Amino acid sequence: MVLAAFVPTSTPSPAGGRMTGSTISIRPLDLHSASAAEWAAFHQFRRIRHADSCRDEPLLPDAAVEASRRKRSHYWQHVGWAAWEDTGGGERIVGYIHADLPDVNHPEMASNGNQMFVHGSVCKEFRRRGIGTRLLGKVGTLAATAGRSLVTSTTEQEDGHAFLRHFGGEEKMRYEENHLRLDRVDWTMVERWYAALPADLSLTTYAGRVPMTAFERMLPAINAMIADIPRDRMSIPVIENSASMIEDWYARIGQQDGRHHLLALTDANGELAAMADLLWFPDTPDRAGHNLMGVRRDRRGQGLGKAIKAAALLHVRKSLPTVELMTTGNNQVNAPTLAINRQLGFFTQRSGGFYEIAADALPRG
Ligand SMILES: CC(C)(COP(=O)(O)OP(=O)(O)OC[C@H]1O[C@@H](n2cnc3c(N)ncnc32)[C@H](O)[C@@H]1OP(=O)(O)O)[C@@H](O)C(=O)NCCC(=O)NCCS
């Protein structure tokens with residue numbers, strides 16, 4: 001492993017776990033306020049993890065990652081720890097874990113006040129030495145002090161599944177990351193889907209941003225659509241979006257100069273009947289990510305899902321000419337969405353599991 005970034009060791013720390021020669025210490029790493037040396041070490045770790053497990057995906061530029069991770073969310077408290085290996089001449093990061101805690105001071109987050117989302121990873125050649133357990137111990141202690149009884153996590157790798165099961169985690173839902181190559185799309189079919197739009201509906205396209213007044217008007221309908229997404233055996237309640245949560249989200253997208261495109265089908269009363277939205281970032285110009293596709297309950301089964309998805313694809317072809325690939329995350333139990341996506345030619349790029357773990361089953365450290 002080639003190391004570009006070394007951070008001087010400030011305090012010698014004890015070896016932990018079953019180590020083979022080197023010393024590992026676990027310390028907080030706050031990416032909101034990390035020093036340049038800490039960021040350099042984090043980027044080095046990120047590159048190793050990327051080569052380990054997702055080399056098919058674009059590696060985001062350092063500046064883009066820093067811009068988005070330095071920005072605090074008003075709604076989630078982000079806490080992280082790194083596992084540092086003392087190499088003798090300096091330190092490098094070989095593992096990292098973070099926890100996102102819904103901030104219960106905001107009424108929108110109260111329904112999720114008992115939980116926290118966690119994700120961590122350890123460089124391949126450092127696995128099965130107890131480093132993951134030590135990192136998880138920090139989360140276990142945080143869960144106890146913050147009064148969180150449930151920890152949720154995702155993994156796409158076999159050792160991640162084994163690790164989460166080892167700590168009593170239960171896979172509650174499988175998800176897929178699906179991709180569509182635009183040069184393989186049957187555009188005649190897409191145009192036919194769009195042309196089948198019922199005459200009482202009109203299409204509004206918001207390109208780049210949705211004005212907040214328009215967003216606020218649509219939010220109750222969008223929240224109802226989100227609540228209807230099949231979530232298999234997941235127990236955590238859906239968080240309802242408020243206008244200020246959307247503003248917070250927009251501010252974070254704005255850090256990376258991201259664009260939010262939303263296509264809305266409204267009925268004669270001006271009410272939202274169907275919508276689809278997508279995100280595009282200049283750092284990954286060849287791709288756009290579908291966010292949500294939703295049809296109001298009383299308008300389902302009339303081809304609106306296909307029509308709004310077709311409208312979104314036609315919009316991408318016309319307005320985002322650099323885009324070659326559409327990406328989307330789908331729950332495996334979401335049969336209607338998967339059926340539409342499969343007909344369009346989406347294929348599964350990766351899949352993973354969403355886990356729930358009782359916090360009192362976690363180690364403490
Ligand atoms: C999950 C991950 C962080 C574990 O790190 P680690 O340092 O290897 O974990 P530990 O050594 O502390 O393992 C603790 C226990 O988990 C279980 N476990 C971990 N990896 C396993 C594997 N590949 N096969 C079977 N069991 C495994 C074992 O019971 C292990 O205890 P043991 O070694 O005494 O048998 C690491 O595999 C990883 O980075 N995976 C990719 C990212 C990911 O999927 N993260 C999961 C979401 S947090």
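The values are calculated or read from the model by the stated rules, or taken from the named source; none is laboratory data. These numbers come from a predicted model, not from an experiment. Neighbour counts are summed over all protein chains in view; Cβ atoms, including those assigned to glycine, are modelled from backbone coordinates with ideal geometry. To get the accessible areas, we keep the full protein, side chains included, count just its heavy atoms, and leave off ligands, DNA and RNA. Shrake-Rupley method; radii C 1.70, N 1.55, O 1.52, S 1.80 Å.
Key figures for this structure:
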read-out: Apportionment of accessible area to carbon and sulfur, the chain, percent (1.4 Å); value: 52
read-out: Within the chain, helix-based [θ] at 222 nm, where runs of 4 or more DSSP H residues each add -39,500 (n - 2.57), nearest 500; value: -10000 deg cm²/dmol
read-out: The chain, accessible area per residue, ligands and nucleic acids excluded (1.4 Å, Å²); value: 46
read-out: Residues ALA358 and ARG174, FRET efficiency given R0 of 22 Å [Cβ-Cβ distance, rounded to 0.05]; value: 0.60
read-out: Dipole of region 30-138, positive direction: furthest Cα of PHE42, ILE93, ASN114, with charges on the beta-carbon; value: ILE93
read-out: For region 21-46 and region 99-116, distance of Cα centres in Å; value: 27
read-out: Counting DSSP beta bridges with both ends in region 39-153, the antiparallel % (nearest 5); value: 85
read-out: Centre separation in Å (Cα based) which lies between region 66-95 and region 122-188; value: 17
read-out: Inter-site label distance for SER73 and THR322 at 7 Å from Cα along Cβ, in nm; value: 2.6
read-out: The chain, relative contact order in percent, only Cα pairs under 8 angstrom and at least six apart counted; value: 22
read-out: Cα-based Rg of the chain normalised by 2.2 N^0.38 Å, two decimals; value: 1.07
read-out: Bins of 10 Å, starting at 0 and running to the largest distance - Cα pair percent for region 203-339; value: 11, 42, 38, 9, 0
read-out: Low-density loop positions, trypsin sites (Lys or Arg not before Pro), region 139-242 - DSSP coil, at most 12 other Cβ in 10 Å; value: ARG233
read-out: Rounded to 5, the percent of DSSP beta bridges in region 177-351 classed as antiparallel; value: 90
read-out: Added length on full extension, which subtracts the Cα-Cα distance from 0.36 nm per residue, HIS161 to ARG342; value: 62.5 nm
read-out: Accessible-area ranking of CYS54, CYS123, largest first, probe 1.4 Å; value: CYS54, CYS123
read-out: Separation of alpha-carbon centers, region 222-239 and region 252-271, rounded to whole Å; value: 20
read-out: Proximal lysines relative to LYS138, as straight alpha-carbon distance under 29 Å, when same-chain residues fewer than 8 apart are discounted; value: LYS71, LYS124, LYS172
read-out: Percent RCO, i.e. relative contact order, over region 177-351, from Cα pairs under 8 Å lying at least 6 residues apart; value: 36
read-out: Estimated dipole of region 23-148 in Debye, rounded to 20 [Cβ of Lys and Arg +1, of Asp and Glu -1, Cα centre]; value: 280
read-out: Area accessible to solvent at THR23, 1.4 Å probe radius, in Å²; value: 40
read-out: Segments 324-331, 113-120 sorted - mean Cβ within 10 Å per residue, highest first; value: 113-120, 324-331
read-out: Relative contact order computed over region 271-365 (Cα-Cα under 8 Å; 6+ residues apart), in percent; value: 25
read-out: Contour minus Cα-Cα distance for GLU125 and ARG209 (0.36 nm per residue); value: 25.9 nm
read-out: Reachable lysines from LYS306, criterion Cα separation under 20 angstrom, eight or more residues apart if same chain; value: LYS318
